[in-house]
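What follows is a short report on a single structure.
The values are calculated or read from the model by the stated rules, or taken from the named source; none is laboratory data. This structure is a prediction, so every number in the text was calculated from the model and none was measured. Methodologically, a virtual Cβ is constructed for each residue, glycine included, from the backbone with ideal geometry; neighbour enumeration extends over all protein chains shown.
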Amino acid sequence: MSKFPKDFLWGGATAANQFEGAYDVGGKGLSIDDVFSNGSHTQPRRITKDTEEGLYYPNRIASDFYHHYKEDIALMAEMGFKVYRMSIAWTRIYPTGMESEPNEEGLKFYDAVFDECRKYGIEPLVTLSHYEIPLAMTNEFNGFADRRAIDCFKRFATTVFTRYKDKVKYWLTFNEINLATWDNGIGNYLVLGVRNEGTKDYVHQVDDPQVRLQGLHNQLVAGAWAVKIGHEINPEFKIGNMIAMNPAYPYSCNPEDVFKAERNWQSDTYYCGDVQVRGEYPFFAEKYWQDRGVTLDITEEDRQILKEGTVDFFSLSYYQTLVLTSDDSVQKSESMLGGVKNPYLKSNDWGWAIDPTGLRYLLNVLYGRYNIPIMVVENGIGAYDKLEEDGTVHDPYRIAYLREHIKAMSDAIEDGVDLIGYTMWGCIDLTSAGTGEMKKRYGFVYVDSDDYGNGSFDRFRKDSFYWYQKVIKTNGDDLS
Ligand code: BG6
């Protein structure tokens, strides 16, 4: 018997910058992703100031959803999606982020997309900013490092909430906002639109914790404003946060390892989670700032708005877990998360540890701490797929991965967690955020394009397409 509630929101997820393409169509402005070059597992993506001769910028073309949205939404409907998580490209609505009036053509595009979803009874779940900041805001005032970004975001959020108030009910503010807590600085560019002098690529960003954590504070304030404004525009809106969950395990029962893992939960999950759910920074924040030599500018109005703009549900991405130890001799993990290798787990071809039980574990921890509904809005496996001559794609590894993770969610529901939905990441193949590759594929649907945008862009159903269709039809009962 299925443990999933009757109205469980089954579906898939994409993001505008990795999926839409058409970067210069319909009055769209450049976003930070349009000057983010391609890379690979071993070659970091370049962050350039403007277009550079000789570099390829994969997000500009991506999967060309812009011209395929009808076909793509029909495929989602065929699988039985109840929900489709997507994002709005900020730069289609405000090309530089700083205009006083929105771009009508951009607004019309999303009207058409939402109408198409509604036609099939698919509920859109819309991220306001999924790694997406207008490039002009970065060039002009370094993105969220400057408080001007808060007003730009408020204007953008107000415009889209008002326009789509009868078409969209579920919203998310910023994608994986907690990446901006990582001390390696990886969240500077994609999350905050911050590009520090000297930064050349994604993996080796020049980091200034003062700038980054102030930028994160500004973004948390902007997100809280959006929640408040959204609820005023339509009290029926359900607005969530979005945290990248990378649960940390201690490598051993050495108390040093255990405390190291706890510290990681604090900075990676609770720092943003507490602000967004509880409306204030957690108890350890003062020490956290001191340790990094940071003094934040937090106004009384900020504190007030953080209290008033708390989220209705907690959403998260989950791909892998992390293992921490104070023992330097243990073999390091290959994942960009860092940490050491987990001897009990296998990894995908990009070194990401596959850990379904980790999902059950984190759902229990989060629900215990926050006690609000939870949605898993990203999960999946990036893999090399092969399109056969007859147009089929056999991806048993994807089915196996998803089966185990869905089983883990079912167990968590049985544990008592209020889990309301699941949107598998990259339901139709798209450009990888980390590497810019197309060949790191997640989808139920294969898109015929290579890492350089060569191909027909035709869509092909993989074996997992039919498997997920059955899972949804039986409300998670039949995972065979
Ligand atoms: C999440 C992001 O971190 O992971 C997505 O929200 C991203 O945008 C996904 O695509 C998978 O990562 P990658 O690097 O394989 O694309």
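What to note about this one:
- Matching residues, segment 266-298, being hydrophobic (A, V, I, L, M, F, W, C) and in contact (Cβ under 8 Å) with a residue 40 or more places away in the chain: Cys272, Val275, Val277, Trp289, Val294, Leu296, Ile298
- Checked against (1) within 30 Å of Ser432 (Cβ to Cβ); (2) at pLDDT 95 or above, Thr310 meets all criteria but (1).
- Test for Gly443: is it of a type in the set (Gly, Ala, Ser), more than 20 Å from His68 (Cβ to Cβ) and modelled with pLDDT of 95 or more: no
- Among (1) closer than 17 Å to Val275 by Cβ; (2) more than 16 Å from the ligand (Cβ to nearest atom); (3) of a type in the set (A, V, I, L, M), the one test that Val160 misses: (1)
Table: residues versus (1) more than 16 Å from the ligand (Cβ to nearest atom); (2) among the polar types (S, T, N, Q); (3) under 20 Å from Asn184 (Cβ atoms); (4) out of contact with any Phe, Trp or Tyr (no Cβ under 6 Å at 6 or more places or on another chain).
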{"residue": "Gly230", "(1), (2), (3), (4)": "yes, no, no, no"}
{"residue": "Ile239", "(1), (2), (3), (4)": "yes, no, no, no"}
{"residue": "Glu262", "(1), (2), (3), (4)": "yes, no, yes, yes"}
{"residue": "Gly279", "(1), (2), (3), (4)": "yes, no, no, yes"}
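- Matching residues, segment 55-70, being in a helix (DSSP H, G or I) and either hydrophobic (A, V, I, L, M, F, W, C) or under 14 Å from Phe465 (Cβ atoms) (or both): Phe65
- Residues that are away from the ligand (no atom under 16 Å from the Cβ), of a type in the set (Gly, Ala, Ser) and under 22 Å from His130 (Cβ atoms) within segment 422-460 comprise just one, Gly453.
- Listed conditions (1) surrounded by fewer than 24 Cβ atoms within 10 Å (Cβ to Cβ); (2) under 21 Å from Glu378 (Cβ atoms); (3) of a type outside the set (Asp, Glu) are all met by Lys108, apart from (2).
- Any hit, segment 267-290, residues being among the aromatic types (Phe, Trp, Tyr), under 21 Å from Asn175 (Cα atoms) and not in a helix (DSSP H, G or I): yes
- The C-beta contact set for segment 367-382 (first residue among the basic types (Lys, Arg), second residue within 14 Å of the ligand (Cβ to nearest atom), distance under 6 angstrom, 6+ apart or interchain) is empty.
- Residues located in segment 1-36, provided they are touching a Gly at 6+ places or on another chain (Cβ under 7 Å), within 15 Å of the ligand (Cβ to nearest atom) and assigned to a loop (DSSP other than H, G, I, E, B): Thr14
- Residues satisfying the stated conditions in segment 342-366, i.e. free of Cβ contacts under 8 Å to residues at least 40 places away in the same chain, within 16 Å of the ligand (Cβ to nearest atom) and aromatic (Phe, Trp, Tyr): Trp352
- In segment 369-387, residue farthest from the ligand (Cβ to nearest atom) [restricted to those that are of a type in the set (D, E, K, R) and closer than 16 Å to Thr431 by Cα]: Asp385
- Checked against the criterion of being of a type in the set (Val, Ile, Thr), closer than 28 Å to Trp425 by Cα and either surrounded by 13 or more Cβ atoms within 10 Å (Cβ to Cβ) or away from the ligand (no atom under 16 Å from the Cβ) (or both), the candidates Val294, Val275 yield just one match: Val275.
- Residue that is farthest from the ligand (Cβ to nearest atom) [pool: residues in segment 118-149 that are within 14 Å of Val191 (Cα to Cα) and polar (S, T, N, Q)]: Asn142
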